[in-house]
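This report refers to the structure that appears directly beneath it.
The values are calculated or read from the model by the stated rules, or taken from the named source; none is laboratory data. These numbers come from a predicted model, not from an experiment. All Cβ positions, even for glycine, are placed from backbone atoms using ideal geometry, and neighbour counts span all protein chains on display. These accessible areas exclude ligands, DNA and RNA; they are computed on the full protein's heavy atoms, side chains included. Shrake-Rupley method; radii C 1.70, N 1.55, O 1.52, S 1.80 Å.
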Amino acid sequence: MRDTILKSQIRSNIREQRSLLSEEQINDGKEILKENIMSRELDSDLRSIISSAKCVALYKAVNGELSCDGVAEYFLGLNKTVCFPRVKGDEMEFCEIKDLTLDFSVGAYNIPEPRKDMRKVMPEEIDLMIVPAVAFTDDGIRLGQGGGYYDRFLNSLAAKNKAPYTIGVCYDFQMYSALPVEKHDYAVDCVLCVCVTDRVEEGFEEAEEE
């Protein structure tokens with residue numbers, strides 16, 4: 001019960017902080033994430049994993065989440081297979097997209113999803129997956145939205161030793177020293193975060209005073 005309450009409090013706090021991000025900050029975050037993925041200053045092993053990936057899974061950001069659209073444009077420019085999730089009941093599947101505007105329609109939870117006529121990507125095809133979350137720790141523990149879609153998808157692949165390399169991405173205020181964890185929670189291999197803390201915390205404090 002205590003962990004459930006703590007998860008709810010963390011989700012509420014992060015969603016409130018994300019709601020304070022300006023459109024400029026969101027656009028800046030998208031570009032900074034793209035630059036981070038492209039950076040030559042990345043750990044050499046991670047840089048090699050990113051450059052050698054043939055099929056990359058991303059997500060569509062909503063409600064102030066860190067956008068992967070810039071990363072998608074980068075990988076599309078390299079002629080890599082780029083795919084996004086589509087919810088089917090309690091599971092999700094990934095479909096290839098070629099155009100970030102034309103290849104989507106509104107799906108579950110009002111999140112843009114690949115159109116139904118887009119090619120389905122087999123889970124084992126995915127080499128690299130960019131994973132969203134409400135919060136992360138430095139060692140990759142993640143707190144999701146609560147639906148468990150990524151946990152189920154990745155655990156099923158891990159059971160076959162076919163899980164992709166996973167990178168969690170977020171704003172720096174989404175990083176925690178520790179998070180409540182359950183047996184089925186899937187930890188990502190590494191986390192990249194975009195720094196916007198000073199501006200968001202200033203706005204967060206002003207909102208609390210009001």
- [ ] May I have the extent of the alpha carbons of segment 48-151 along their three principal axes, as whole Å values ordered from largest to smallest?
- [x] 33, 32, 26
Open item on the list: Distance between the C-alpha centers of segment 12-48 and segment 70-104? Whole Å please.
Closed with: 18 Å
Open item on the list: In whole percent, and with a 1.4 Å probe on the protein chains, what portion of the accessible area of the chain is carbon and sulfur?
Closed with: 46 percent
Task: Pairs of lysines in the chain (C-alpha under 18 Å apart; 8 or more residues apart or interchain) - done: 23
- [ ] Can you tell me the relative contact order of segment 1-150? Whole percent, Cα pairs under 8 Å, sequence separation 6 or more.
- [x] 23 percent
Task: Probe 1.4 Å, accessible area per residue of the chain, Å² - done: 53 Å²
- [ ] Sum up the charges of everything whose Cβ sits under 15 Å from the Cβ of residue 135, counting Lys and Arg as +1 and Asp and Glu as -1, but leave residue 135 out.
- [x] -4
- [ ] Before rounding to the nearest 500, sum -39500 (n - 2.57) across all DSSP H runs of length at least 4 in the chain and divide by the residue total; then give [θ] at 222 nm in deg cm²/dmol.
- [x] -11000 deg cm²/dmol
Task: Considering only segment 58-210, percent of DSSP beta bridges that pair antiparallel, nearest 5 - done: 55 percent
Task: Cα-centred dipole magnitude for the chain, charges only on beta-carbon of K, R (+1) and D, E (-1), debye, nearest 20 - done: 1260 debye
- [ ] Wrap a convex hull around the Cα atoms of the chain, take a quarter of its surface area, and give that in square nanometres.
- [x] 12.4 nm²
